[in-house]
Amino acid sequence: MRVLFTVWPAAAHLYPSVPLAWALQAAGHEVCVASRPALADAVGGVGLSAAALVDEAELPRSVGASNPASEESRRTLERITEAMAVGRDDPVGFHVWRCHRDYAVPAVDDLQPIGADPAAPQPVLDALVAFCRDWRPDLVLWDPTTPVGAVAARVVGAAQARFLWGLDHIGWSMDRFARRKRELGGALKDEDPIVEAVRPMAERYGFELDDELLRGQWTVDPMPAGMRLPTDGRVVPMSWVPYTGSGVLPDWLHASSGRPRVALTLGASMRAFGKDSKPLIADLLEALGAMDVEVVATLNAAQLDGIAHLPGNVRAVDYIPLTQLLPTCSAVIHHGGYGTVCAAAAAGVPQIVAIDGDNVMEGPVSGHYLTGAGAGLLLRHEESSVADIRAMTSRLLADPSFRAGAAALRSDLLGAPGPAEVVPVLERLTAHHRAVD
């Protein structure tokens with residue numbers, strides 16, 4: 001069969017799908033990845049075929065996951081936030097909704113403007129439908145921030161499902177919003193932003209909006225079972241096999257210094273979308289520099305700008321695949337991105353999630369789960385001194401319970417079927433859901 005992945009144009013969204021795409025190809029299926037032209041080289045770099053849809057210059061506007069929404073959109077989201085009734089007494093729900101509101105909704109809006117005119121051209125959707133009409137996929141696996149995949153699949157009669165790249169913020173938030181709307185009745189007149197994005201896509205191609213277009217016919221979820229959010233709909237679990245890029249093994253990687261090695265990384269997404277992290281980086285380096293550890297910091301020149309000198313026990317490298325680095329480490333300090341969380345879980349390494357404030361995407365949610373699992377700690381930079389950071393890192397390295405918690409998280413991650421085992425499930429589901437010509 002032919003399988004099309006639709007991916008939001010960022011490596012953090014592409015990489016989680018790579019092991020499943022390879023497994024599908026190894027089973028004899030054709031695979032293609034559709035996204036913006038900006039992602040085409042990355043798709044080719046992981047050995048997959050790319051379909052480049054619409055360039056930035058062809059879009060009527062580009063909001064972007066890191067750019068501000070319109071004033072009208074902000075007011076709507078403020079009203080919805082109040083109606084959701086998710087407060088700080090619900091540490092998971094509070095931050096899941098914030099991540100959905102501040103990242104997922106703008107990301108959807110970037111590719112498919114919320115509240116678009118169904119009669120007007122919708123560049124990304126129209127380009128994807130045109131490609132699907134030519135390529136004729138049997139199955140479309142779509143990133144939750146690219147619901148264009150669900151509509152295009154229906155146009156050509158393909159089966160379609162969501163493929164998660166992290167926790168299901170969108171599904172959880174849609175469920176919560178629907179419950180609150182039922183509870184509040186006519187008092188809540190705003191509509192779910194995702195519904196307002198998908199409805200004009202459906203109407204443009206003559207479809208009634210339904211649950212399958214919003215949630216997929218099923219969802220492939222690679223997150224560890226203990227971290228999954230409770231949502232409605234059918235879920236096909238899959239173990240997360242980390243793919244973090246490739247490269248030549250450096251000669252120093254497996255040489256032992258006789259000291260514990262600590263990885264420090266803030267992820268590619270923080271380089272692209274994160275706020276200024278230099279104060280956090282400076283304090284982390286100062287804290288680690290005074291410890292009897294070896295530090296490998298995957299920080300680029302921009303992140304190190306203003307650092308007068310690196311401590312003698314710190315090796316800074318612009319990039320090294322985490323799948324190479326983490327198995328050599330005793331601990332990792334990072335921003336809480338799901339790709340990093342799962343790469344560290346697969347390596348069985350205790351983790352510290354270091355965040356600056358609340359508006360840091362998925363960091364607080366990851367930190368909460370890791371703390372609860374006994375596999376790590378959450379470091380709130382605004383509440384912590386350099387001495388606090390040093391004490392937290394020392395505790396993580398010295399207390400064997402964190403290593404045991406990390407091992408349990410690894411077992412949880414590996415407990416689901418691997419990508420190759422999921423392929424026959426996708427074949428059966430595709431045969432059931434695909435429209436018969």
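Looking at the range 368-392 only, could you name the residues that are within 26 Å of the chain's Cα centre (by Cα), touching a residue at least 24 places away in the same chain (Cβ under 8 Å) and surrounded by 14 or more Cβ atoms within 10 Å (Cβ to Cβ)?
Of the residues in the range 368-392, the ones within 26 Å of the chain's Cα centre (by Cα) are 368-382.
Still in the running and touching a residue at least 24 places away in the same chain (Cβ under 8 Å): 368-370, 373-382.
Result: His368, Tyr369, Leu370, Ala373, Gly374, Ala375, Gly376, Leu377, Leu378, Leu379, Arg380, His381.
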(request) Would you check which residues across the range 10-30 are more than 21 Å from the chain's Cα centre (by Cα) and within 18 Å of Gly149 (Cα to Cα) and list them? (result) Glu30
(request) Among the candidates Val63, Val7, single out the residue that is under 22 Å from Val148 (Cα atoms) and at pLDDT 95 or above. (result) Val7
(request) Determine whether Val129 is in the same structural domain as Val425 (by TED's automatic domain parsing) and within 15 Å of Arg199 (Cα to Cα). (result) no
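So if I check each of Arg88, Arg136, Arg162, Arg101, which one is of a type in the set (D, E, K, R), closer than 21 Å to Tyr369 by Cβ and in contact with a strand residue (DSSP E or B) (Cβ under 7 Å, 6 or more places away or on another chain)? Even if it seems obvious, please write down each step before you answer.
Details: Arg88 fails: in contact with a strand residue (DSSP E or B) (Cβ under 7 Å, 6 or more places away or on another chain); Arg136 fails: closer than 21 Å to Tyr369 by Cβ; Arg101 fails: in contact with a strand residue (DSSP E or B) (Cβ under 7 Å, 6 or more places away or on another chain).
Selected residue: Arg162, the only one of Arg88, Arg136, Arg162, Arg101 that is of a type in the set (D, E, K, R), closer than 21 Å to Tyr369 by Cβ and in contact with a strand residue (DSSP E or B) (Cβ under 7 Å, 6 or more places away or on another chain).
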(request) Output the qualifying pairs, or none if there are none: Cβ atoms under 8 angstrom, residues six or more apart or on different chains, first residue in the range 163-180 and farther than 21 Å from Gly339 by Cβ, second residue among the hydroxyl-bearing types (Ser, Thr, Tyr) and surrounded by fewer than 21 Cβ atoms within 10 Å (Cβ to Cβ). (result) Asp175/Thr231
(request) Given the conditions (1) crowded, with 22+ Cβ neighbours inside 10 Å; (2) touching a residue at least 40 places away in the same chain (Cβ under 8 Å), report the number of the one that Ile320 does not fulfil. (result) (1)
(request) Identify, by number, the condition in (1) modelled with pLDDT under 85; (2) in a helix (DSSP H, G or I); (3) of a type outside the set (Lys, Arg) that Asp89 doesn't meet. (result) (2)
(request) Exactly one condition in (1) without any contact (Cβ under 8 Å) to a residue 60 or more places away in the chain; (2) basic (Lys, Arg); (3) crowded, with 18+ Cβ neighbours inside 10 Å is not met by Arg98; state its number. (result) (1)
(request) Scan the range 393-412 and give yes if some residue there is under 18 Å from the mean Cα position of the chain (by Cα) and either of a type in the set (Asp, Glu) or over 30 Å from Leu213 (Cβ atoms) (or both), otherwise no. (result) no
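Kindly indicate whether Ala197 is more than 23 Å from His95 (Cα to Cα) and either outside the structural domain of Pro364 (by TED's automatic domain parsing) or of a type outside the set (Phe, Trp, Tyr) (or both). Steps first, answer last, please.
On the way: more than 23 Å from His95 (Cα to Cα): no; either outside the structural domain of Pro364 (by TED's automatic domain parsing) or of a type outside the set (Phe, Trp, Tyr) (or both): yes.
The answer is no for Ala197.
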(message) Considering only the range 119-133, I want to know if a residue exists there that is part of a loop (DSSP other than H, G, I, E, B), crowded, with 24+ Cβ neighbours inside 10 Å and either touching a Leu at 6+ places or on another chain (Cβ under 9 Å) or among the small types (Gly, Ala, Ser) (or both).
(response) no
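Only one of these is among the aromatic types (Phe, Trp, Tyr), closer than 27 Å to Pro424 by Cα and not assigned by TED's automatic domain parsing to the domain that holds Asn313: Trp252, Trp218. Name it.
Trp218
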(message) If Ala161 satisfies all but one of (1) assigned to a loop (DSSP other than H, G, I, E, B); (2) touching a Gly at 6+ places or on another chain (Cβ under 6 Å), what's the number of the condition it fails?
(response) (1)
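Considering only residues that are over 22 Å from the mean Cα position of the chain (by Cα) and either assigned to a helix (DSSP H, G or I) or free of Cβ contacts under 8 Å to residues at least 60 places away in the same chain (or both), which ones fall in the range 413-435?
Correct list: Glu421, Pro424, Val425, Glu427, Arg428, Leu429, Thr430, Ala431, His432, His433.
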(message) What pairs come out if I take residues in the range 324-337 that are over 20 Å from Ala404 (Cβ atoms) and pair them with residues that are aliphatic (A, V, I, L, M) and surrounded by 24 or more Cβ atoms within 10 Å (Cβ to Cβ) whose C-beta lies under 6 Å away, six or more apart or interchain?
(response) Leu325/Ala263; His335/Leu266; Gly336/Val353
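Given the criteria crowded, with 24+ Cβ neighbours inside 10 Å, in the same structural domain as Arg204 (by TED's automatic domain parsing) and in a helix (DSSP H, G or I), does Gly166 qualify?
No, not satisfied.
Can you say whether Asp358 is in a loop (DSSP other than H, G, I, E, B), of a type in the set (Asp, Glu), at pLDDT below 95 and surrounded by fewer than 20 Cβ atoms within 10 Å (Cβ to Cβ), as far as the supplied structure shows? If you could, list the steps in order and put the result at the bottom.
On the way: in a loop (DSSP other than H, G, I, E, B): yes; of a type in the set (Asp, Glu): yes; at pLDDT below 95: yes; surrounded by fewer than 20 Cβ atoms within 10 Å (Cβ to Cβ): yes.
When the stated conditions are applied, Asp358 passes them.
The values are calculated or read from the model by the stated rules, or taken from the named source; none is laboratory data. Computed from a predicted model, the values in this text were never measured in an experiment. Note that each Cβ is placed from the backbone with ideal geometry, even for glycine, and that neighbours are counted across all protein chains shown.
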